[in-house]
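The values are calculated or read from the model by the stated rules, or taken from the named source; none is laboratory data. Everything numeric here is computed off the predicted structure, so don't read it as measured data. Cβ atoms come from the backbone with ideal geometry, glycine included; neighbour counts cover every protein chain shown.
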């Protein structure tokens, strides 16, 4: 089923598209005070003494009287797409009111008309506090259909002590002392933007020529044995063991890795790095749309956003949460306010950009070329 869905949606076949008028159904929020929220594992704060308790979510339920069924059922974008796609394609409810998807999957769902436009008038905190860097992604102008849950940066992690030098540019990865000791991310959507930025490309408006030029460079590096391998999140193990000295990496992973290995550093290259988000979406025919919008807006209250950021350690999409953490009497929490991987400083922010997404027309060609390089 997943393969069939990918074939249909990847090619933009018209029957898969749902018109705006067919996306909404009767909203039962007033009479039925509950909602279903599907998220990724380990992506919300939990109580240190009772892992079944989620303090911010519990507080929302007490405040509003809305009961939230929270499921950690999203482990992979494509896998979850295959789970909910048949219902959405056939104009049926998924049984979920809120889901969290990565940028490139958000782009697919928005393009297909499978998620609803939100009522920003009912979300004043989102309107006020959403980070300006995240307000205008190419796939969803004005963020009408999506709201970032958490954000992150795809940059470079490296072992400063073992490498014996700094990494400041993407091109520093290709120097001889890193031959066979560097890894890149295997996923096309996760890897391409930062690599193109290393060639000086504006990733908000990159072209096919930019992609092919980048791919040619990586292909040559693979042939020379410079790139050790392409990875998922398992690059963490390679960096920690010292088998790899530098890796294309996610900022959130490196915060955790540095806690155990202070020699690991994360850098946003001078040419820039990709800022991405995993965003909240309301699927078509969700039965509790207004309650879902209310929950989204709740997480944009700076104090709530600060609680979440202190636990998950990704880039917080609510800059005002920084002041909340800075004022904490707990030193560890206060220190988080100064961590640029949670609240990027001005210098770093100038080098971050959201890439334009890969269109359905481009995806088949580009995926084939990239997978051939990676060996998939």
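Limited to region 322-357, what total is found for residues that are touching a residue at least 40 places away in the same chain (Cβ under 8 Å) and either touching a helix residue (DSSP H, G or I) at 6+ places or on another chain (Cβ under 8 Å) or part of a loop (DSSP other than H, G, I, E, B) (or both)?
Applying the first criterion (touching a residue at least 40 places away in the same chain (Cβ under 8 Å)) to region 322-357 yields 339, 341-342, 344, 348-349, 351-357.
Pick out the ones that are also either touching a helix residue (DSSP H, G or I) at 6+ places or on another chain (Cβ under 8 Å) or part of a loop (DSSP other than H, G, I, E, B) (or both) and you get 339, 341-342, 344, 349, 351-357.
Of the residues in region 322-357, 12 are touching a residue at least 40 places away in the same chain (Cβ under 8 Å) and either touching a helix residue (DSSP H, G or I) at 6+ places or on another chain (Cβ under 8 Å) or part of a loop (DSSP other than H, G, I, E, B) (or both).
The rows are residues; the columns are (1) touching a helix residue (DSSP H, G or I) at 6+ places or on another chain (Cβ under 7 Å); (2) modelled with pLDDT of 95 or more; (3) more than 15 Å from residue 180 (Cα to Cα).
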| position | (1), (2), (3) |
| --- | --- |
| 201 | yes, yes, yes |
| 219 | yes, yes, no |
| 224 | no, yes, no |
| 237 | no, no, yes |
| 258 | no, no, yes |
| 261 | yes, no, yes |
| 266 | yes, yes, yes |
| 270 | no, yes, yes |
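Restricting attention to region 358-368, the residues that are part of a helix (DSSP H, G or I) and surrounded by 15 or more Cβ atoms within 10 Å (Cβ to Cβ) add up to 4. Note on region 136-163: residues that are over 23 Å from residue 111 (Cβ atoms) and over 15 Å from the mean Cα position of the chain (by Cα) total 8. Out of all the residues in region 174-191, is one or more under 15 Å from residue 104 (Cα atoms), part of a helix (DSSP H, G or I) and in contact with a strand residue (DSSP E or B) (Cβ under 6 Å, 6 or more places away or on another chain)? Looking for residues that are under 15 Å from residue 104 (Cα atoms), part of a helix (DSSP H, G or I) and in contact with a strand residue (DSSP E or B) (Cβ under 6 Å, 6 or more places away or on another chain), one finds at least one in region 174-191, hence yes. Selection within region 310-321: residues that are out of contact with any strand residue (DSSP E or B) (no Cβ under 8 Å at 6 or more places or on another chain) and in a helix (DSSP H, G or I). The member of this set that is surrounded by the fewest Cβ atoms within 10 Å (Cβ to Cβ) is 311. Filtered by the rule that a residue be part of a helix (DSSP H, G or I) and either without any contact (Cβ under 8 Å) to a residue 12 or more places away in the chain or buried (at least 21 other Cβ atoms within 10 Å of the Cβ) (or both), region 196-217 gives 196, 197, 209, 211, 214, 216. Helices (runs of 4 or more DSSP H) fully within region 228-304 that include at least 3 residues being in contact (Cβ under 8 Å) with a residue 24 or more places away in the chain, closer than 21 Å to residue 39 by Cβ and touching a strand residue (DSSP E or B) at 6+ places or on another chain (Cβ under 6 Å): 289-298. The strands (runs of 3 or more DSSP E) found entirely in region 19-102 that carry 2 or more residues being under 25 Å from the mean Cα position of the chain (by Cα) and loosely packed, with under 14 Cβ neighbours inside 10 Å are 67-71.
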